[in-house]
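Engineer: Just dropping this structure here.
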Amino acid sequence: MKRNDLVIELGGDHGQPLFLRLAASILGEIERGRIKPGDALPGTRTLARNLKLHRNTVAAAFHELIMQGWLVAEPSRGTRVAPDLPALGKLRRQTEAAGRAKAAEPESLPVFSLSDAIPDSRIMPVNELARAFRRALAGPVLFSKGYADPRGTRSLRQALTGYLSQERGLAATPEELMVTRGSQMAIYLAAAAIIGPGQKIAVEEPGYPQAWAAFRAVGAQVVGVPVDAQGIDVARLEDILSHERDVKALYVTPHHQYPSTVTLGAGRRLRLLEIARRHRLTVIEDDYDHEYRFEGRSVLPLASRAGRDMPIVYIGSLSKLLSPAVRLGYAVANPDIIERMACRRDAIDRRGDMPLEEAMAGLIGDGTLARHARKARRIYEARRNLLVDELRRQLGDAVDFDVPSGGLAIWAKLRSGLSADAWAARAQRAGLPISPGSAYVLDAANAPNAFRIGFARLTEDEIREQVALLTACRLAGR
């Protein structure tokens, strides 16, 4: 029976999002023993009505405590306090000890970072994935002899080639595709396969620092190419290539440039491919969030236009579509490059997560992944629109931005007289990490005075709260 009579007061730090304050209040009641292990909590609707909160805020608080192991959600039984919690006296001592340890350490990061353009795990098809997992575990995958193909299971590679052909116009065979543990592994393996120590790779600047770290890890030197309002500056690229020796590859994010979100236009795409072909560059195309296009049709990848005579590694991510916890990425390239990537992967990770790969092949095959992509687009478009409205309402005199036609973030440029670095430092102290433009450049002198503001994993209430906190941090600096 649910504890509909339970009274919970909203406490916590008023600088925190409401759902974290509610989670802290529920946790306090558990620690004091007012809510005991196994007790059922009120439903989200009832608790939201009692506390005059949005139901999504209550659901987010429950989700936070479930992820931490304090609560469990059971079908037909609702949300309950975890029955296996230790004795309350012991629990209280552990909590106090943890509090003392936390006080002696640097302040921990909050749950949300505005710079994180990552998907909301709360909307992923959890039940469908669980059923697909059970089917995979009941199949032959656990009883296979020896180690599997380092390129990934055949079933997922076949499913992905069909998906990419239909959704992105990308023709490939399973022998031209490799499944990886997230797109970051694909970036690293691609770099290891095509760039030798001391050789150079051209990258967008501002750009993706984690990719640069992967390139440096294989001994490559990173050369920045400026980005403007239309994406990578191909004229500057050609100029750089005429002066720099040993540039063997080019890394680009043409669909939604990271971090500025702009889409590379058709003219520049064609010229980029022509430059790469003439200078014999291998192109690494990172299409990390292709599914998220809100206006018009998604732009087809460079890889769909490049002929088979041109070396290009196309990288995508299923983590961006589902959850950061689902570590699945992939790379498409000619068989020679895929074979070299597989040999390097075999030295560190002889096979991927076979049950997860089999389960994902099932979700692609039965249409679940495509349906989820359509659902996610609707949700994220609404959140983008709300963030646009809130930024204009609360910070219209401070930031300027173009509404992105796709992607999961807004690139907000600060107006004259404001410093992104100083503002970000104040926000960090207030518990709101946000990355200024200086976090995305090779040379601080090239840093744009801007923020990257992610919106995908924030509910409507959270978007309003985070923008209000960002606004307060701006005012504190006046």
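Engineer: Using only Cα atoms, tell me the angle between helix 266-278 and the longest principal axis of the chain; keep it within 0 to 90° and round to the nearest 10.
Structural biologist: Helix 266-278 sits roughly 50 degrees off the main axis of the chain.
Engineer: Can you give the FRET efficiency for E9 and N446, using 1/(1 + (r/R0)^6), R0 = 60 Å, r = Cβ-Cβ distance, to the nearest 0.05?
Structural biologist: It comes out at approximately 0.75.
Engineer: Follow-up question, since we're still on this one. Points 7 angstrom from Cα along the Cβ direction at E74 and A425: gap in nanometres?
Structural biologist: 5.2 nm
Engineer: Give me the percent of Cα-Cα pairs in the stretch 340-440 that sit more than 21 Å apart, rounded to a whole number.
Structural biologist: Distances greater than 21 Å cover 60 percent of the Cα pairs.
Engineer: While we're on this one: Lysine pairs in the chain with Cα distance under 25 Å, only those 8 or more apart or on different chains: how many are there? Walk me through the intermediate numbers first.
Structural biologist: Working: K2/K36; K2/K52; K36/K52; K36/K90; K90/K102; K200/K248; K320/K375; K320/K413.
Within the chain, the lysine pair count is 8.
Engineer: Ok, one more. Treating the angle as unsigned and between 0 and 90°, give the value, to the nearest 10°, between the Cα long axis of helix 335-348 and the longest Cα principal axis of the chain.
Structural biologist: It is inclined by approximately 50 degrees.
Engineer: Based on the Kirkwood radius over alpha-carbon pairs, what value in µm²/s does the Stokes-Einstein equation return for the translational diffusion coefficient of the chain at 20 °C and 1.002 mPa s?
Structural biologist: Answer from the Stokes-Einstein relation: 88 µm²/s.
Engineer: Report the extension gain between R297 and N56 in nm, rounded to one decimal, defined as 0.36 nm multiplied by the number of residues separating them, less their alpha carbon distance.
Structural biologist: Gain in length upon complete extension: 83.7 nm.
Engineer: Using the heavy atoms of the protein chains alone and a 1.4 angstrom probe, what is the accessible area of the stretch 175-222 per residue in square angstrom? Each step should come with its number before you reach the end.
Structural biologist: On the way: 1410 Å² over 48 residues.
Each residue of the stretch 175-222 exposes 29 Å² on average to a 1.4 Å probe.
Engineer: Angle, helix 88-104 long axis vs. longest principal axis of the chain, Cα atoms, 0 to 90°, nearest 10?
Structural biologist: The angle comes out at about 50 degrees.
Engineer: Give me the one-decimal nm value for the distance between modelled label points at A235 and I66, 7 Å along each residue's Cα-to-Cβ direction.
Structural biologist: Result for the modelled spin labels: 5.4 nm.
Engineer: Please compute the length gained on full extension between S416 and R392, using 0.36 nm multiplied by the number of residues separating them and subtracting their Cα-Cα distance.
Structural biologist: 7.0 nm
Engineer: May I pose another question? With the other protein chains left in place, how much accessible area per residue, in square angstrom, belongs to the stretch 18-67 at a 1.4 angstrom probe?
Structural biologist: Working: 2130 Å² over 50 residues.
Here the residues of the stretch 18-67 average 43 Å² of exposed surface.
Engineer: Kindly write out, for the stretch 402-415 in residue order, the coupling ³J(HN,Hα) from the Karplus curve 6.51 cos²θ - 1.76 cosθ + 1.60 (θ = phi - 60°), rounded to whole Hz, with x marking Gly and Pro.
Structural biologist: Rounded to whole hertz, the list is 9, 6, x, 7, x, x, 10, 8, 10, 9, 9, 8, 7, 6.
Engineer: Let me ask you something else. Just the ratio, please: alpha-carbon radius of gyration of the stretch 193-243 over 2.2 N^0.38 Å, N its number of residues.
Structural biologist: Scaled against compact globular proteins, the figure is 1.16.
Engineer: How far apart, in nm, are two points set 7 Å out from the Cα along the Cα-to-Cβ line at A347 and at Q166?
Structural biologist: Using points 7 Å along Cα→Cβ, the separation is 3.9 nm.
Engineer: Further question on the same structure: Placing +1 on the Cβ of each Lys and Arg and -1 on the Cβ of each Asp and Glu in the stretch 301-355, which of P335, I348, M310 has its Cα farthest towards the positive end of the resulting dipole?
Structural biologist: I348
Engineer: Could you report the stretch 264-413's accessible area per residue, 1.4 Å probe, as an integer in Å²? All intermediate terms of the calculation are to be shown ahead of the outcome.
Structural biologist: Details: 6110 Å² over 150 residues.
In whole numbers, the stretch 264-413 has 41 Å² accessible per residue.
Engineer: Normalised by the empirical 2.2 N^0.38 Å for globular proteins, what value does the Cα Rg of the stretch 399-478 take?
Structural biologist: Numbers: Rg = 12.6 Å, N = 80, 2.2 N^0.38 = 11.6 Å.
Cα Rg divided by the expected 2.2 N^0.38 Å: 1.08.
Engineer: In vacuum, with every alpha carbon of the stretch 165-299 counted as one equal point scatterer, what does the Debye formula give for log10 I(q)/I(0) at q = 0.09, 0.10, 0.12, 0.14 Å⁻¹? Two decimals, please.
Structural biologist: Listed by q, the Debye log ratios stand at -0.26, -0.32, -0.47, -0.65.
Engineer: If you roll a 1.4 angstrom probe over the protein chains with everything in place, what fraction of the accessible area of the chain belongs to carbon and sulfur, to the nearest %?
Structural biologist: 50 percent
Engineer: Based on the Cβ-Cβ distance of D39 and R134, what FRET efficiency does E = 1/(1 + (r/R0)^6) give at R0 = 30 Å, to the nearest 0.05?
Structural biologist: 0.55
The values are calculated or read from the model by the stated rules, or taken from the named source; none is laboratory data. None of the values given here were measured: they were computed from a predicted structure. Every residue, glycine among them, receives a Cβ derived from its backbone with ideal geometry; neighbour counts consider all protein chains shown. Calculation scope for accessible area: heavy atoms of the full protein, side chains included, ligands and nucleic acids excluded. Shrake-Rupley method; radii C 1.70, N 1.55, O 1.52, S 1.80 Å.
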